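Each value in this text was obtained by applying a stated rule to the coordinates, not by laboratory testing. Remember, predicted model here, so these are calculated numbers, not experimental data. So basically every Cβ, Gly included, is an ideal-geometry build from the backbone, and we count neighbours across all protein chains shown.
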Amino acid sequence: MPAGALLLALAPGAASAVSGPELDYTLECAGCHRADGSGTPGSVPALRDSVARFLAVPEGRDYLARVPGAAQAPLDDAALAALLNWMLAHFDDAHVPAGFTPYTAREVGQLRARPLVDVEGTRKQLLERAAQATSR
Amino acid sequence: MRIRRRGMHRQMHQRIDHLVETGARALARRTSRRSLLARLGAVIVGTAGTAAFPLLPVARAAENDSRLPAPSDAGLAPDVGDPTHCTYWRHCAIDGFLCACCGGSQSACPPGTEMSPVTWIGTCRHPGDGKDYVISYNDCCGQTLCLRCRCTRTEGEKPVYYTSKNNDLLWCFGTKSRAVHCSVAVVLGVATKS
């Protein structure tokens, strides 16, 4: 946590300020994935120390923008792209591959227009492939 | 003589019985079982509050509320500043029974219930400072419906096809029980424009 954020959190009588992608995450995602990205085992997948593993395969990158929670969030393409980039760095920087290109509004707009039909099946398959790709 | 003494004993016992019975009946008339339980509970909770170990289930969101101090409700209009009222400022998008009327508070579940970790989140404007606060509406689960202080407000709520933004749903996910008892409104932070 940056020192500024810590000071804000400790300031008596003042709740910490949330803005930009972090605010969008709090309002659109944290209800299920929780503020710390830990999720709820068996109900909601964890993002923390996990979400960037999808980036090990190209379809995994697509998946993160196409998964219903992201694609259907009431956010415009630019805000969703910023949220995804923030989420990857904030929750799972260690798994972000070297040379990662941040999502753009244009890319996200194209991806979220293609509905993901079998979410769980796709997710399982992608994580298996990502694990193989990173163990090579 | 012996007979007389027995008679005196019986009279004394009857008098004590009568005194105890009268006292118990008077106490029962003045108080209710619920108030006794409430007082007893307050003593136990108060004691545990100062102890190093928690007596009651400690909810994550309630911890958040103490870590991120909520704005002061002092000076607000009586109903807008009272967590037992539906018009309380944090309740702008709540749907359920207010935990502040059910043995809990606006940010803590009543004893014997478990706070759902999965919630829906919105913002409410504090009438004192005019800021928009991020509010998490957590259901407290594990007991039957509280049935006190029913409150339905829909500021910022979306239709049910936006499930994460709809408050008609029961939010007891990730809890041992799916039975919903009441709802809290926890301040997570203050929303600012970047």
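Some observations on this one:
- Per-selection Kirkwood Rh - the range B:115-194 (Cα, Å, 1 d.p.): 13.6
- Cα gyration tensor category, rounded, prolate or oblate, for the range B:82-124 with a/c compared to 1.5: oblate
- Each residue of the range A:40-46 was assigned a 3J(HN,Hα) from its phi angle through the Karplus curve 6.51 cos²θ - 1.76 cosθ + 1.60 (θ = phi - 60°); the sequence is 9, x, x, 10, 10, x, 6 Hz, with glycine and proline shown as x.
- The GluC sites (Glu not before Pro) of the range B:98-194 that meet both conditions, a loop assignment by DSSP and at most 16 other Cβ atoms within 10 Å of the site Cβ, are B:Glu155.
- Coil-residue chymotrypsin sites (Phe, Trp or Tyr not before Pro) of the range A:82-136, DSSP, other Cβ within 10 Å capped at 16: A:Phe100
- Distance between the range B:142-194 and the range A:71-136 - C-alpha centres, whole angstrom: 28
- For the peptide A:30-40, the mean number of other protein chain Cβ atoms found within 10 angstrom of a residue's Cβ is 5.
- Two-site label geometry, B:Lys158 and B:Ala179: point separation in nm, points 7 Å out along Cα→Cβ: 3.3
- For the range B:57-194, radius of gyration divided by Kirkwood radius, i.e. Rg to Rh on alpha-carbons: 0.94
- Counts of other chain beta carbons within 10 angstrom of each beta carbon in peptide B:112-123 average 3.
- Partner lysines for B:Lys176 [C-alpha distance under 28 Å; skip if fewer than 8 residues away on the same chain]: A:Lys124, B:Lys158, B:Lys165
- Sorted from greatest to least, the principal axis extents spanned by the alpha carbons of chain A come out as 48, 33, 32 Å.
- Under 5 Å from the amide H of A:Ala17 lie the amide H atoms of B:Val190, each residue being 5 or more positions distant or on a separate chain, with H modelled from the backbone and absent for Pro and chain starts.
- Peptides ranked, highest mean first, by Cβ atoms within 10 Å: ranges A:121-134, A:39-52, A:21-34: A:21-34, A:39-52, A:121-134
- The chymotrypsin sites (Phe, Trp or Tyr not before Pro) found in the range B:124-194 that occupy coil by DSSP, while having at most 12 further C-beta atoms within 10 Å, are B:Tyr161.
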